[in-house]
Amino acid sequence: MNKKAKKGSSRTASRFSALLKVLLPSAAILTLCIYGAVLLTGYIRDNSSPVIAFYGLEKNEIDGLTKTIEDYSAGKSIECEFLSFDADKPLEEILSDNSGISLLFVPGGHAVKSAVKDSDNNAFISAPEFSELTMSASALAEISEGKIKAAPVCTDFFYSDLAGITPEEADKIRTVSDLKKYAEKLKRKYENPVIFAGKDHDFVLDMLGAFAESLDGISSYNEAAEILKTSAGKKLTPAETAALLCNDHSSPLKTTSILFSEMYRNGLINPAAHTLNQQDISALMEAKLCGITFTTLSEHRQYTPKAVQSFISKELPPAAERKERTFTAKPVFAVPRSQGKKTLEITDALFKRELQESISRNTGLAPVNKNCRTPDTQASDVRYFIAASSAPVSGLSRETYLSPDFKKALTAEILTSLRNR
């Protein structure tokens, strides 16, 4: 019995040995294939042309960033492909249809959070370059598991343009009450003491959010942002959303609504403001038919030299003098989505002094690098305002995804209510 058992074991061992002789070479070949595939994938990833995409950005931002990257890439012999997408669809839909995007530029708010959700875990911004940002700009970074997944590369800024005033007089406008008194003085001189581009629904939402912060602090802005998120989630109508934002005693835009209603009622704001776009504002400024305009740095850049020559730009003052401010700045974020060597090289370079100067010059916006030069006083002033305050917000129009039609209807509801109170 024992001998038979040994013979059976020997035969089994022999068969197993024979099987190993067949399988081991196959396994070795399979391992080499897998290893080769990994190496090939990495080689293709590192040597393929980066696909650079822009989502929901303005023309000056797209053109300026494209030129900066093209100039840098040419010196490094890197070829890039560029794509641009409007914000007429949620970013998630864009990304699901365009999985090959290497580096994505988006506005702050909901878009940047969506952009980092499914990006490559090994795609991130290196710390040395990130350390050159101002504290306010670096506070905006999206960080996951200790990795910097997104950070701003430049910022816009919401402010007011004041006509017929000296820099010394402008410095004395330190509160919203001072601004309103100055508008009253302008009523005797200008057909439109106060004007804004009410036809631009994104601008109107950002303007209302900026005033909410100036009048009631950042908590009111945040409450308004939460109402917009709730509206999107529950599919509220524009009228229902406008009522929640403005009409109740505890509404976050209540104080702002009262201020604008008073300015409409007292003849400070032209009742046709809701029909005007930024080109109309430039024409009114050039014709000296308005005294105070609410605008942004990027829009101010589009006005003709003749239009802005008699205006002084000033940050929106608070209701009462206070040091702690949170400005509306519309930052533009870079989000690396691939760990490709060329992609990460471009991404890291965006935060260095040389490219920060180029970005500011080419976009007309303010840099986020604290040490780089700026093309003019306006960009320098905006960087200072942001650096000297809390991390800026992106504007109510960007806090959650709302379709262009919804935002148009929402701002129409709000402005109609303000005019008719």
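The values are calculated or read from the model by the stated rules, or taken from the named source; none is laboratory data. Bear in mind that the values here come from a model prediction, so they are computed numbers and not experimental data. Quick reminder, even Gly has a Cβ in these numbers, built from the backbone with ideal geometry, and neighbours come from all protein chains shown. Quick note on the areas: whole protein, heavy atoms, side chains included, nothing else; ligands and nucleic acids left out. Shrake-Rupley method; radii C 1.70, N 1.55, O 1.52, S 1.80 Å.
Miscellaneous remarks
- Cα centroid of the range 221-244 to Cα centroid of the range 301-351, whole Å: 26 Å
- Tensor-based shape of the range 218-349 (alpha-carbon gyration tensor, a/c under 1.5 rounded, otherwise prolate or oblate): oblate
- Cα-based helix-to-principal-axis angle, 377-387 vs the chain, degrees rounded to 10: 70 degrees
- Carbon + sulfur, % of accessible area of the range 131-195 - ligands and nucleic acids excluded, 1.4 Å: 49 percent
- Helix-only CD estimate at 222 nm, as mean residue ellipticity for the chain, using -39500 (n - 2.57) per DSSP H run (n ≥ 4): -16500 deg cm²/dmol
- Accessible area in the full protein assembly, largest first, 1.4 Å probe, for SER403, SER250, SER73: SER250, SER403, SER73
- Rolling a 1.4 Å probe over the protein chains gives ILE143 an accessible area of about 110 Å².
- Note on the range 266-337: the C-alpha convex hull projects to 8.0 nm² when averaged across all orientations.
- Of the chymotrypsin sites (Phe, Trp or Tyr not before Pro) found in the range 281-372, not one falls in a DSSP loop while having at most 15 other beta-carbon atoms within 10 Å.
- Counted charge near VAL51, where neighbours are those whose Cβ lies closer than 10 Å (Asp, Glu -1; Lys, Arg +1): 0
- Cα lying deepest toward the dipole's positive end in the chain, options ILE414, TYR264, GLY56, charges on Cβ: GLY56
- Protection proxy ranking for 240-247, 192-199, using the average of other Cβ atoms within 10 Å per residue and placing the highest first: 192-199, 240-247.
- Zero-based 10 Å bins, Cα pair distances in the chain, whole percents: 4, 20, 27, 21, 11, 5, 3, 3, 2, 2, 1, 0, 0
- With every protein chain in place, the range 223-303: carbon and sulfur % of accessible area (1.4 Å): 55 percent
- Solvent exposure of the chain, expressed per residue, is 48 Å² of accessible area, with all protein chains present and a 1.4 angstrom probe.
- Distance from the alpha carbon centroid of the range 394-421 to that of the range 270-292 works out to 20 angstrom.
- Sequence of ASP63, ASP206, ASP86 from largest to smallest accessible area, 1.4 Å probe: ASP86, ASP63, ASP206
- Computed accessible area, HIS300, all protein chains, 1.4 angstrom probe, square angstrom: 20 Å²
- Anisotropy class assigned to the range 94-201 is prolate, per the alpha carbon gyration tensor with a/c at or over the 1.5 cut-off and a/b larger than b/c.
- Using a cutoff of 8 angstrom between alpha carbon atoms and counting only pairs six or more residues apart, the relative contact order for the chain works out to 30 percent.
- Inter-part distance, the range 133-211 to the range 44-111, computed on C-alpha centroids, equals 28 Å.
- Sequence-distant residues sharing a close amide H with THR328 (under 5 Å, placed H): PHE158, VAL393
- Using heavy atoms of the protein chains and a probe of 1.4 Å, the accessible area assigned to VAL332 is about 0 Å².
- Summed residue charge, Cβ within 9 Å of GLY217's Cβ, Lys/Arg positive, Asp/Glu negative: -2
- Summing charges over neighbours of GLU132, with a neighbour being any other residue whose Cβ is under 14 Å away from its Cβ, gives +1 when K and R count +1 and D and E count -1.
- Whole-Hz ³J(HN,Hα) from phi, Karplus 6.51 cos²θ - 1.76 cosθ + 1.60, for the range 229-246, glycine and proline x: 5, 5, 4, 5, x, 8, 6, 6, 6, x, 5, 5, 5, 4, 5, 5, 6, 10
- For the range 90-155, the set of GluC sites (Glu not before Pro) satisfying both a DSSP loop assignment and a count of at most 14 other C-beta atoms within 10 Å is given as GLU145.
- Ranked by solvent-accessible area (1.4 Å probe, protein heavy atoms only, all chains present), the residues GLU354, GLU226 order from largest to smallest as GLU354, GLU226.
- Share of pairwise Cα separations in the range 167-212, more than 15 Å, in percent: 58 percent
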